[in-house]
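The structure under discussion appears below in the form of structure tokens.
The values are calculated or read from the model by the stated rules, or taken from the named source; none is laboratory data. In this text the structure is predicted, and so the values were computed from the model without any measurement. A quick note on method: Cβ atoms are made from the backbone with ideal geometry, for glycine too, and the neighbour counts reach across all protein chains shown. Side chains are part of the model used for accessible areas, which takes the heavy atoms of the whole protein and leaves out ligands, DNA and RNA. Shrake-Rupley method; radii C 1.70, N 1.55, O 1.52, S 1.80 Å.
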Amino acid sequence: MDSTVQERARATRRSLLEAAACLFAEQGYAGTSVNDVSARSGRTSGSVYFHYASKEGLALAVVRDRFATWPGLAARYANPAVPPLERLVALSYEIARALAEDTLTRAGARLWAERDIIDAPLPDPFALWTTATTRLLAQARTTGHLARQVRPAPTARTLVRAFFGLCTLTEALEGPQNISHRLTDWWLLTLPCLQRGADPAETVGRARAQVMTGIASGATA
């Protein structure tokens, strides 16, 4: 009996989280109320407050849910047989795909942009991505794939900020469906400054193929 109750509670929490994510992604934090979440999920407002205490708690839970997927996502691009810069490019396409297609990822990004009006400390979504980028650039330097003048840590900070700026502006100006195309343009411009001994177009092509293979095999961001 206890296991059945626990399973129902988990299902309720998940349905509330997903309903909130849809609304936050569509309407933003200020434009979403607890009553909206209740209506979208088919649960009562009392259920929302029981599981998450407040709208701020829901926002925090949405962002944390996306953080929980990061280790598995990064692990899919840890194959040492693949050149580090190719893995970095592939990981960026995976994240871009999630920003365009995954509701929880889109909600997390919008909540971060609106963090000043949320009365809860949201985790920094860029720290893990910057750390992973630094690590891959350092590996590229060790394997001789990185241009001599490139310093991994400051370059990683610049790349992450530029990447998210590109995604944000592309979505605002052209729609999320064009993020992947603009990312290709960006990498073809950026890789010649980073890479030694490889054709940027070939690196991008192989990286995109990695992501498509992952999608075909059922991997999700």
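What to note about this one:
- Radius, Kirkwood style, for the stretch 125-178 when every pair of distinct Cα atoms is counted (Å): 12.1 Å
- Its alpha carbons give the stretch 91-158 an Rg and a Dmax of 15.2, 46 Å.
- Ordered from longest to shortest, the equivalent ellipsoid semi-axes for the stretch 1-64 are 21, 11, 10 Å, each the square root of 5 times a Cα gyration tensor eigenvalue.
- Descending semi-axes in Å of the stretch 99-221, equivalent ellipsoid built from Cα gyration tensor: 26, 19, 14
- Accessible surface of the stretch 1-130, 1.4 Å probe, proportion on carbon and sulfur as whole %: 54 percent
- Debye intensity ratio I(q)/I(0), log10, the stretch 49-147, q values 0.10 Å⁻¹ (C-alpha model): -0.35
- Nonlocal amide H pairs with residue 146, under 5 Å, H built at 1.01 Å: 141, 196
- By the helix-only formula, in which each DSSP H run with n ≥ 4 contributes -39500 (n - 2.57) and the sum is divided by residues, the chain has a 222 nm mean residue ellipticity of -24500 deg cm²/dmol.
- For residue 60, net neighbour charge (Lys/Arg +1, Asp/Glu -1) across residues whose Cβ lies under 11 Å away: 0
- Note on exposure: 2, 65 ranked by accessible area (1.4 Å probe, complete protein assembly) read 2, 65, with the most exposed listed first.
- Excluding ligands, DNA and RNA, the accessible surface per residue across the chain is 51 Å² with a 1.4 Å probe.
- Semi-axes of the equivalent ellipsoid of the stretch 45-89 are 38, 8, 5 Å, computed as sqrt(5λ) over the eigenvalues of the C-alpha gyration tensor in descending order.
- With a Förster radius of 35 Å applied to the beta-carbon distance between residue 119 and residue 10, the computed FRET efficiency rounds to 0.85.
- All alpha carbon pair distances within the chain were sorted into 10 Å bins beginning at 0; the resulting P(r) in whole percents reads 8, 30, 31, 19, 9, 2, 0.
- Cα Rg, Dmax, the stretch 1-109, angstrom units: 16.8, 52
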